[in-house]
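> Can you keep this structure in mind? I'll have questions shortly.
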Amino acid sequence: MSWITAVPACMSKIKNALARPKPAVPLLEAVDRARLEWQETWRELNMAEGSLVDYVIYKMNAAERRYVSLLGQAKSEGLKAWEEPSLCPPPGGAAAGD
């Protein structure tokens, strides 16, 4: 397929990509903070002794549930952890799989 025939399809993909809402940075930051908090509880568990073990396990479960909940919210809003690959084939080259 020549690049001339690929332009309309490429323009359509670009138009659709631009129409998508921009990701909400605060939600992404909240997901990252929740992940770090959950990881921190694992480190706390390694240092906990005696009756503190029960508390750290409770705290770990709460942190995990918060993280999973925020991940679900981000997924429902269509947020992704990384950018999607390029929408158009490189100029002068064939698209992958042609």
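The values are calculated or read from the model by the stated rules, or taken from the named source; none is laboratory data. Source: prediction; values computed, not measured. Counting neighbours? That spans all protein chains shown, and the Cβs are built from the backbone with ideal geometry, glycine included.
> Given the criteria of a type in the set (S, T, Y), at pLDDT 85 or above and either loosely packed, with under 10 Cβ neighbours inside 10 Å or within 23 Å of A81 (Cα to Cα) (or both), does Y58 qualify? Show your work before the answer.
Details: of a type in the set (S, T, Y): yes; at pLDDT 85 or above: yes; either loosely packed, with under 10 Cβ neighbours inside 10 Å or within 23 Å of A81 (Cα to Cα) (or both): no.
Considered against the rule, which asks whether it is of a type in the set (S, T, Y), at pLDDT 85 or above and either loosely packed, with under 10 Cβ neighbours inside 10 Å or within 23 Å of A81 (Cα to Cα) (or both), Y58 comes out as no.
> Another question, if that's okay. I'd like the full set of residues that are modelled with pLDDT of 80 or more, within 30 Å of N16 (Cβ to Cβ) and of a type in the set (G, A, S), limited to region 61-98.
If the condition is that a residue be modelled with pLDDT of 80 or more, within 30 Å of N16 (Cβ to Cβ) and of a type in the set (G, A, S), then S69, G72, A74, S76, G78 are the ones that fit.
> Further, regarding this structure: So for region 26-43 (the condition being in a helix (DSSP H, G or I), exposed (fewer than 10 other Cβ atoms within 10 Å of the Cβ), at pLDDT 90 or above and hydrophobic (A, V, I, L, M, F, W, C)), does at least one residue qualify?
No - not one qualifying residue is present in region 26-43.
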